[in-house]
Amino acid sequence: MSAARWIAVATALAFGVIGVRPLLAQAPPDTPSVTVRGQTYTPRSILARNMGTDEDQTTAFPPHKVIGNIYYVGTRTLSSYLITTPAGHILVNSTYERNVKTIAQSVERLGLAFADVRFLLGTHAHGDHQEGDALVKSMTGAQVMAMQEDVPALQMITPGAKAHPIDRVLRDGDTVSLGGTTLVAHLTAGHTRGCTTWTMKAMDAGRAYDVVFACSYRAPAQVTPAIEAEFTRTFKIIRALPCDVPLGDHPAQYNMAAKYARLQPGAPNPFVDAANCWGEADVQEAMFNAQLQAQRK
C-alpha cells in the first residue's frame, strides 16, 4: 500500500469512518497545534505517532509482563493485553484481523495458551482495535463483550463478510470477572460513542496497583455539540479514576517502548507511573479545546 493510501486508510480508521462513512481522501489537518510539557502536537502528528507505518502496525513488539497478571502481546503501535487468571485469560483488543495470529504467537512465547482466552474485551469500535474479534472468537471460543453505545459501529466491522460477534452488551460501570480478577468498564465517549476505559487492580510483590487501560481520547476533525458534551464528561471522569499504571490502546500513549527499555531485574517497574497517568489526556484535551476555538472563529 502506498504511503498516501495508507494515510487515507489510517485517517478513516482513526476517525471511525470505515464501514460507517465514505473513506476520507486526505490526511487530517496539520492545525491547530498545541504544546504540552514542551512537546508540540498537531492532529496529523498525533495520528502518525499512534499508527506508525504499516510494518509497525503488524510487527510484534516483544511480549512482556507489564505488572501482576497483565502482559503486553500487541504490535509496535497497536496495543493488545493478556490478563491471566487460573480460570483462563482475558484479552483486551484484537487489533486488525491480520494481527490475530501474531498476537497468538506472542501469547505462546510467554508460555501461555491462546486457546485459554475466555473473554475478549475492546476499547472502541475502530478496525485497528477490534477488527479481529470474530477470528479470536473462532480460535478460542471467547465471549466477546462491548459497550452498548459501540454496538452499531462494531456490527459494521465485518472482515471477510463475517458478522461481528457480541455475546454480552455492557453498560457504564459494568464489571467483568474471571478467576479472581475483575475489570470495570467506564464509558469515556467522544472518540467513539462507546469508547471504553477499563480499570482493574493488579497484585505485584504483595502490593495492589490501580491499572487503567485508556481508550483513545482524540477528537475527530469536526467537533459536533454532541461530541463536545461527550468529551467534557469524559475528561472529568477519567481524572477521577485511581491510577498507578497508565496503559493505552496505542503504546505511544504511555511511552511503552521507552519504559520497556528500562525493565531490569530488581529495578523499579517503569510501568508504575502515577505521575503521568493523565499525560495523554492532557495532550488530547488541549487539542480538543484548540479545535473548538478554531471552529468558533
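The numbers here are math on the coordinates, done by the rules we state, and not lab data. Because the structure is predicted, anything quoted here is derived from the model rather than measured. Backbone-built Cβ (ideal geometry, glycine too); neighbour counts: all protein chains shown.
With the cut-off at 24 Å, report for region 136-246 the share of all Cα pairs above it, as a whole percent. Summing the P(r) of region 136-246 above 24 Å gives 34 percent of all pairs. A cut-off under 10 angstrom between Cβ atoms defines the neighbours of Val144, and their net charge, with Lys, Arg +1 and Asp, Glu -1, is 0. Other residues with beta-carbon under 14 Å from the beta-carbon of Tyr72 carry, at +1 per Lys or Arg and -1 per Asp or Glu, a net charge of +3. Please compute the Kirkwood hydrodynamic radius of region 3-295 from all pairs of different C-alpha atoms, in Å with one decimal. Value: 19.0 Å, from the Cα pair sum. Before anything else, pin down the relative contact order of region 3-295: Cα pairs under 8 Å, at least 6 apart, normalised by residue count, whole percent. Once divided by the residue count of region 3-295, the mean separation gives 15 percent.
For region 37-112, the relative contact order is 24 percent, taking Cα pairs closer than 8 Å that sit 6 or more residues apart in sequence and dividing their mean separation by the residue count. Here region 153-200 and region 209-225 have alpha carbon centers that stand 14 Å from each other. Given H placed 1.01 Å from N in the peptide plane, which residues other than close sequence neighbours of Ala221 have an amide H under 5 Å from its amide H? Long-range HN contacts for Ala221: none found.
Annotated for the chain: lysine pairs at least 8 residues apart or interchain, Cα distance under 28 Å, count 13.
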